[in-house]
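The values are calculated or read from the model by the stated rules, or taken from the named source; none is laboratory data. As the structure is a computational prediction, the values presented were derived from the model and not from experiment. Note that each Cβ is placed from the backbone with ideal geometry, even for glycine, and that neighbours are counted across all protein chains shown.
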Amino acid sequence: MLLGFKTELKVNNKQQTQLAKHCGVARHAWNWGLALTKNILDHNKTNPEDRIKFPSAIDLHKWLVAMVKPECPWYYEVSKCAPQYALRQLSEAWKQAFQKIKQPPRFKKKGRGDSFTVDGSLTVDHFRVKVPVIGWLKTYERLPVDQKPKSLTISRTADRWFVSWKIEVEPINQAKSMSVVGVDLGIKALVTLSTGEVMTGAKSYRKYEKKLSRLQWLNRNKVKSSNNWKKTQIQIARLHRKVANIRKDTLHKLTSYLAKNHGRIGIEDLNVSGMLANHKLAKAIADRGFYEFRRQLEYKCKLYGSELVVVDRWFASSKTCSNCGTKKETLSLSERVFYCDHCGLEIDRDLNASINLEKAVS
């Protein structure tokens, strides 16, 4: 199976400038292609009798070479792959939007999600990678050299640069300490297992929320694009990166533990986007990373030979008694202890839900 490998680059000032130029060209190509495709869609909507065929990635690149490159000579200072892959990604984004899988693509802004992809003459050594135009880029950790990547993606988070590519990994089938477990995700505790284990999680955003608010408040009156404004923007981006890294670390440790030690894992199909519509709980739900938890658990179960069973979202795991199976009509969020009127069972509601999930997948 294919897994993504990502590591930080050790770059000097000259290399940072070259990487930033590649990101700028990729962003310009994306925004140019997005503006053009939006105009075509608007034209087809207002003039249905004179429709223009929606362009593919190849069409967009041909038009870019003919229309944009002659007017923008700085395109020739970077690898030709950067705008090509940007237009491919734009074409794929429109396909997903037309299929109602994702929202339509948006314009990109400098400093947010800067990245570009290159292919061609790529070389991976033990502590460095070679990319077109830029040359050798050092890394902080040893790289997998047994497989040559077809493409490399270089991205920036705050003031750090990262390189990533896909590697082929053989699934690891190892003995499991437990056969079945039910996993209930929550806000008070991130995960409650049917075995009784409770993992609270990091709550990284809540921990650094006041510090982040303070930095944003101090930056409110600074002149945009001034040196002081840029310094504060980097501080804010670093803090956002720290919050995200703490959350990812917690989720990676938890999902690895579940996939390595349990043969079958039952989770609920949560409607995360619908849960985020509750403005009183949206911040806490987003801080937990429910979608990222499921995404990591899906590929790690394949990697470690476990089975992930997603229970239907309409399954009343919290309202059903795990002892006698009696279902309650109503159960408010404030009721943290489940009490069954039929058999008298008194149990934590999250533990009750996880036990029901375990029974559903057994």
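The table that follows gives values for the structure above.
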{"read-out": "Exclusive hit being touching a residue at least 60 places away in the same chain (Cβ under 8 Å) and surrounded by 14 or more Cβ atoms within 10 Å (Cβ to Cβ), set G182, G196", "value": "G182"}
{"read-out": "Subset tally (residues that are exposed (fewer than 12 other Cβ atoms within 10 Å of the Cβ) and β-branched (V, I, T)) for region 324-354", "value": "2"}
{"read-out": "Meets criteria (without any contact (Cβ under 8 Å) to a residue 60 or more places away in the chain, surrounded by fewer than 14 Cβ atoms within 10 Å (Cβ to Cβ), in contact with a helix residue (DSSP H, G or I) (Cβ under 8 Å, 6 or more places away or on another chain) and at positive phi) for G113", "value": "no"}
{"read-out": "Complete set of residues in region 229-287 that are among the polar types (S, T, N, Q), closer than 17 Å to G111 by Cβ and in contact with a helix residue (DSSP H, G or I) (Cβ under 8 Å, 6 or more places away or on another chain)", "value": "T232, Q235"}
{"read-out": "Qualifying residue in region 345-352 (condition: within 25 Å of S256 (Cα to Cα), assigned by TED's automatic domain parsing to the domain that holds S256, in contact (Cβ under 8 Å) with a residue 12 or more places away in the chain and under 29 Å from the mean Cα position of the chain (by Cα))", "value": "yes"}
{"read-out": "Among the candidates L281, L303, L270, L297, residue that is surrounded by fewer than 16 Cβ atoms within 10 Å (Cβ to Cβ) and among the hydrophobic types (A, V, I, L, M, F, W, C)", "value": "L281"}
{"read-out": "Single match in V163, V129, V133, V124 (criterion: under 23 Å from the mean Cα position of the chain (by Cα), among the β-branched types (V, I, T), assigned by TED's automatic domain parsing to the domain that holds A26 and farther than 30 Å from V310 by Cα)", "value": "V163"}
{"read-out": "Restricting region 100-118 to residues that are modelled with pLDDT under 95 and farther than 21 Å from A35 by Cβ, the residue that is nearest to the chain's Cα centre (by Cα)", "value": "I101"}
{"read-out": "Hits in region 303-359 - residues which are in a strand (DSSP E or B) and either of a type outside the set (A, V, I, L, M) or farther than 21 Å from L190 by Cβ (or both)", "value": "E307, T320, K327, F338, Y339, E346, D348"}
